[in-house]
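Here is the structure we will look at, set down as structure tokens.
The values are calculated or read from the model by the stated rules, or taken from the named source; none is laboratory data. Because the structure is a prediction, the values reported are computed rather than measured. We place every Cβ from the backbone using ideal geometry, glycine too, and count neighbours over all the protein chains shown.
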Amino acid sequence: MERTGNAMPLETALAPVADRVKHLNRRYRNRAAQSVLEHALHDAQVGRVALVSSFGAESVVLLHMVSVIDRTTPVLFIDTRMLFEQTLSYQAEVAAALGLTDVRTIRARPETLAAHDPDGVLHQSDTDACCALRKVEPLERALAHFDAWITGRKRFQGGRRAVLDFFENEQDRRIKVNPLAHWRPEDVQDYMVNNRLPRHPLVARGYPSIGCAPCTSRVAPGEDPRAGRWRDQEKEECGIHFVNGKAVPGPAPRQEEEVEPTSVIVTDTGFSPDDWAHGFHVPEELEAAAGAPALALDLASDTDPAVLAGRVDGVDLIRIDFPSFADGRGFTLARRLRLMGFNGRLRAHGHVIADQYAMVRRAGFDEVEIPPDLARRQPEAQWRRRAAWRAHDYQSRLRGQA
Ligand code: SF4
């Protein structure tokens with residue numbers, strides 16, 4: 001997969017960012033951080049992706065995970081020219097130790113600095129303008145070559161981060177991936193200890209969160225770890241998670257998600273609400289869930305059915321995700337599951353359009369689960385016209401079943 005070139009962004013050839021984010025969050029919602037990251041680096045729905053790292057106090061966790069999965073992943077390091085010397089040396093040390101082969105240092109253009117902050121004192125009078133100049137604009141330029149970027153933000157950091165999902169829609173332009181969204185502080189520490197990762201030298205000197213030297217101070221025991229950033233100012237973020245200098249709307253709170261219109265189930269008899277209320281599992285949870293009544297599985301379209309061989313006997317319902325209507329892997333997976341002898345309910349889920357209903361049924365699916373916005377665009381009448389799907393199915397007509 002091309003991740004680094006200047007070719008046309010994949011997003012122009014894919015479903016809108018909002019739709020992909022919704023699918024990705026559904027698809028990977030039960031996965032661990034490493035699994036989310038691995039899929040983010042390989043899932044075509046995410047596109048060309050880079051890790052953005054400050055090489056700060058906790059950055060080494062994601063850097064290590066990326067190095068294990070694919071050390072050629074582009075890593076963008078913003079050098080504001082205001083960083084601690086220790087950060088610069090730590091950056092070089094970590095990149096070498098982990099074997100990262102594509103670390104790109106990005107900086108403000110010299111002419112821009114000369115025009116707006118020739119003496120390097122803008123941070124004393126206007127930290128927002130300084131961050132915009134030294135961080136936001138250079139990062140925006142670098143990210144123009146990518147469809148998605150990976151951040152190390154976590155829910156426990158509070159504020160707007162408290163409702164982070166694994167995948168975020170960045171103003172319908174890019175996807176932000178937050179593999180560590182659900183990690184707790186102790187998870188971060190455990191990972192660093194267990195993997196014997198090098199620590200930023202300033203952590204031991206009282207800096208649990210590290211940014212630019214003029215804007216980072218020591219933190220006293222018991223203080224919030226980020227209390228040393230822009231101390232005594234209202235500012236909490238450098239601006240790279242803002243748009244045009246303004247806070248962007250955060251992810252919808254959980255309560256709002258729960259009252260969203262629900263999906264619609266399409267069968268040969270038309271639309272109906274989803275009658276499945278028992279939740280879904282992913283393949284790796286199969287063992288733990290074995291024996292539970294009414295077991296259902298959620299499968300990505302690229303799932304290798306070999307991992308399910310001999311393990312689908314007690315499964316009542318398998319739902320296969322269709323991240324885009326042009327993605328045919330779900331049809332192949334359904335056929336292979338039927339060939340393996342799976343005779344429970346098989347559901348196509350996501351971006352399936354009415355014109356594909358015959359193909360869906362022929363592949364062995366019993367039903368289609370579509371999102372409410374698609375149900376609005378393609379109302380029940382459109383689907384019901386395909387209810388006699390064999391009549392629309394060339395293969396069936398050839399077999400004389402139409
Ligand atoms: S953190 Fe401080 S020095 Fe660094 S870019 Fe922002 S305002 Fe400027």
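Residues are listed down the side, and each one gets a yes or a no for (1) farther than 25 Å from residue 97 by Cβ; (2) at pLDDT 80 or above; (3) outside the structural domain of residue 123 (by TED's automatic domain parsing):
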{"residue": "181", "(1), (2), (3)": "yes, yes, no"}
{"residue": "193", "(1), (2), (3)": "no, yes, no"}
{"residue": "204", "(1), (2), (3)": "no, yes, no"}
{"residue": "252", "(1), (2), (3)": "yes, no, yes"}
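Looking only at region 216-231, count every residue that is within 13 Å of the ligand (Cβ to nearest atom) and out of contact with any Cys (no Cβ under 7 Å at 6 or more places or on another chain) and tell me the total.
Matching residues across region 216-231 total 5.
Restricting to region 92-125, what's the tally of residues that are acidic (Asp, Glu), within 10 Å of the ligand (Cβ to nearest atom) and loosely packed, with under 13 Cβ neighbours inside 10 Å?
Going through region 92-125 one residue at a time, the tally reaches 0.
Right, residue 288: modelled with pLDDT of 90 or more and assigned to a helix (DSSP H, G or I) or not?
It is false that residue 288 is modelled with pLDDT of 90 or more and assigned to a helix (DSSP H, G or I).
Mind listing whichever residues of region 132-157 are assigned to a loop (DSSP other than H, G, I, E, B) and touching a Lys or Arg at 6+ places or on another chain (Cβ under 9 Å)?
Across region 132-157, the qualifying residues are 145, 146, 147, 151, 153, 154.
Could you tell me whether any residue of region 75-91 is away from the ligand (no atom under 16 Å from the Cβ), in contact with a Ser or Thr (Cβ under 7 Å, 6 or more places away or on another chain), closer than 19 Å to residue 177 by Cα and in the same structural domain as residue 179 (by TED's automatic domain parsing)?
Looking for residues that are away from the ligand (no atom under 16 Å from the Cβ), in contact with a Ser or Thr (Cβ under 7 Å, 6 or more places away or on another chain), closer than 19 Å to residue 177 by Cα and in the same structural domain as residue 179 (by TED's automatic domain parsing), one finds at least one in region 75-91, hence yes.
Within region 385-393, does at least one residue satisfy the condition of being modelled with pLDDT under 85 and either in contact with a strand residue (DSSP E or B) (Cβ under 6 Å, 6 or more places away or on another chain) or under 28 Å from residue 16 (Cα atoms) (or both)?
yes
Mind counting the residues in region 306-333 that are in a helix (DSSP H, G or I), of a type outside the set (Val, Ile, Thr) and within 26 Å of residue 47 (Cβ to Cβ)?
Looking only at that region, the number is 4.
Regarding residue 51, is this residue in contact with a Lys or Arg (Cβ under 7 Å, 6 or more places away or on another chain) and either at pLDDT 95 or above or not in a loop (DSSP other than H, G, I, E, B) (or both)?
Against the criterion (in contact with a Lys or Arg (Cβ under 7 Å, 6 or more places away or on another chain) and either at pLDDT 95 or above or not in a loop (DSSP other than H, G, I, E, B) (or both)), residue 51 does not qualify.
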